[in-house]
Amino acid sequence: MREFLIAGNWKMNMLPTQAKMFVQELSGTIDETLHQNPTIRTVVCPPFTHLAGVISELTSSEIAVGAQNCYFKETGAFTGEVAPSMLKAIGCSYCILGHSERRSIFGETDEMISQKVKALLAVSVTPIFCIGETLDERESGQTNVVLEKQIRAVFEGLTLEEVESIVIAYEPVWAIGTGKSATPEMAEETHSFIRELLHSVANQFGHKLTTKILYGGSMNAANAYDLLSKPNIDGGLIGGASLKVQDFTSIITSAISLQ
Ligand code: 13P
């Protein structure tokens, strides 16, 4: 049976009360189905200010909760930052890292993201590590070079167990928020390159790595089935469509029909 992870990245949207109402409706709509389909995992990633409220709404739900960022130090004089152990303590099981918006708007580097991934692994919070090329990079034939650099910066030197406990989200920057998704064939070709590269970086050739590789970038209710039907696409990291209960549950239902 195939396992899928369907993750919603809410970005900077909703107010705390709206977030609580949203997850009440979401869990009311999909929880029973998720309970019956344990190979399909679902996670929502609200802004920091909504985490505690959303977590308390979802205490008896199958839906997990994740953050959208964290710092790599555990404590100290880092005004405005949040430590991995703080996320762990309130009940976050995932954290998105290295999103292209963090890289381009907030100047996050491969080196910082690598430190953050390690800090999350140290407290057993699953990193959803984002990679992806810009339109210029794709058009100049640099996609694989860019992805390889982003992956090596994080994965080199990790143990097999660590490699398999990270979730990768391949998000072509040109597909984020544009309504222009990669075609399923294009995404599959890149996912398959990423998986092969992981095998080589982790020096694992006899063992098929179970590291999940999600696709992100204008995934929606209409294109999710075709994307998820590809063998190397293990789920989605969804922005806009994760803010609508019907669209998000429809993506989850597509994964269920393909498991
Ligand atoms: P959209 O689904 O809105 O394109 O956003 C994708 C994304 O950035 C998820 O992290």
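The numbers here are math on the coordinates, done by the rules we state, and not lab data. Values in this document were obtained by computation on a predicted structure and should not be read as measured data. Neighbour counts are summed over all protein chains in view; Cβ atoms, including those assigned to glycine, are modelled from backbone coordinates with ideal geometry.
How high is the relative contact order of the chain, in percent, with contacts defined as C-alpha pairs under 8 Å that are six or more residues apart?
20 percent
On a full-extension model of 0.36 nm per residue, what is the gain between SER85 and THR17, subtracting their alpha-carbon distance, rounded to one decimal in nm?
Length gained between SER85 and THR17: 22.0 nm.
Run down the aspartates and glutamates and flag those whose C-alpha is under 13 Å from the C-alpha of LYS11, throwing out any fewer than 8 positions away in its chain.
Candidates past the 8-residue exclusion: GLU101.
So what is the orientation-averaged projected area of the chain, using the convex hull of its C-alpha atoms, in nm²?
13.0 nm²
Separation between the PHE193 and LYS73 pseudo-spin-labels, each 7 Å from Cα along Cα→Cβ, expressed in nm?
My value for the distance between the label points is 3.8 nm.
Would you work out the relative contact order for the range 88-155, in percent, from Cα pairs under 8 angstrom that are 6 or more residues apart?
Details: 66 pairs, mean separation 26.0, N = 68.
That works out to 38 percent.
Which net charge results for the neighbourhood of ILE194, defined as the other residues with beta-carbon distances under 13 angstrom from its beta-carbon, given Lys and Arg at +1 and Asp and Glu at -1?
Summing Lys/Arg as +1 and Asp/Glu as -1 gives -2.
Below 8 Å, C-alpha to C-alpha, sequence gap of six or more: please give me the relative contact order for the range 27-110 in percent.
27 percent
Using Cβ contacts closer than 10 Å as the measure, can you line up ARG2, ARG102 from fewest to most?
Values: ARG2 14, ARG102 18.
In increasing order of surrounding Cβ atoms, one gets ARG2, ARG102.
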